[in-house]
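> One structure, pasted below without further comment.
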Amino acid sequence: MIHRFRAAAVLLLLVLVAGSCGDSTFSGDEGIFSFRYSGEISGTFSAGGMGATSFARGSYLEGVSADGAFRRNGAWHEAFVAAPTNRPGRYRFGGSLNDAAGSFAIRVPGDGFGNPYVFVSGTLEITHVSAERIRGRFDGTAQRGDATIRISGGSFDVPVVIGPIIIG
């Protein structure tokens, strides 16, 4: 069951990346998704706005997710975090159905969907969920094969672009 949640979260990230449009400028009102990473690779991830080359946004269907992406030097830098419920709370990254999920990837042209670092430990705290915005923070450890990176200072304040499906 956790694999379906994580697979759905990864699929959502790919759909949102493919559907981005507009320009590359952004402000905090449009959304921001950022963190620092260190280890095998090091740097700063900072995405925002709703443009073709940078965006940050959120959704809540069966759970809450926030994602961001930006293009630098011909490569897409993509990341997402997701919680298994659609309400504020603190969740740990791990392997059970009630855990959060997340990943970070740098895709170069011709790389397909890339080879993402997947969060294996740490915490995701969803601090605010409304029909308009999702806010929170996160940190942890992500792995890709034997390679490990540390994610720190993660935060997001993103507009909701996909809300709940209401039937009836």
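The values are calculated or read from the model by the stated rules, or taken from the named source; none is laboratory data. What you see is a predicted model; the values in this text were computed from it and never measured. For neighbour counting, all protein chains shown are included, and Cβ atoms are generated from backbone atoms with ideal geometry for every residue, glycine included.
> Which condition breaks for Gly145 when tested against (1) at pLDDT 85 or above; (2) in contact with a strand residue (DSSP E or B) (Cβ under 9 Å, 6 or more places away or on another chain)?
In the conditions (1) at pLDDT 85 or above; (2) in contact with a strand residue (DSSP E or B) (Cβ under 9 Å, 6 or more places away or on another chain), Gly145 misses (2) alone.
> Of all the strands (runs of 3 or more DSSP E) wholly in the stretch 29-70, which have at least 2 residues that are at pLDDT 90 or above, within 21 Å of Arg90 (Cβ to Cβ) and touching a strand residue (DSSP E or B) at 6+ places or on another chain (Cβ under 7 Å)?
Hits in the stretch 29-70: 32-39.
> When only residues in the stretch 73-119 that are basic (Lys, Arg) and at pLDDT 90 or above count, which is surrounded by the fewest Cβ atoms within 10 Å (Cβ to Cβ)?
Taking the stretch 73-119 first, the residues basic (Lys, Arg) are 87, 90, 92, 107.
After this cut, where a residue has to be at pLDDT 90 or above as well, the list is 90, 92.
Values: Arg90: 13, Arg92: 15.
Filtering the stretch 73-119 for residues that are basic (Lys, Arg) and at pLDDT 90 or above, the one surrounded by the fewest Cβ atoms within 10 Å (Cβ to Cβ) comes out as Arg90.
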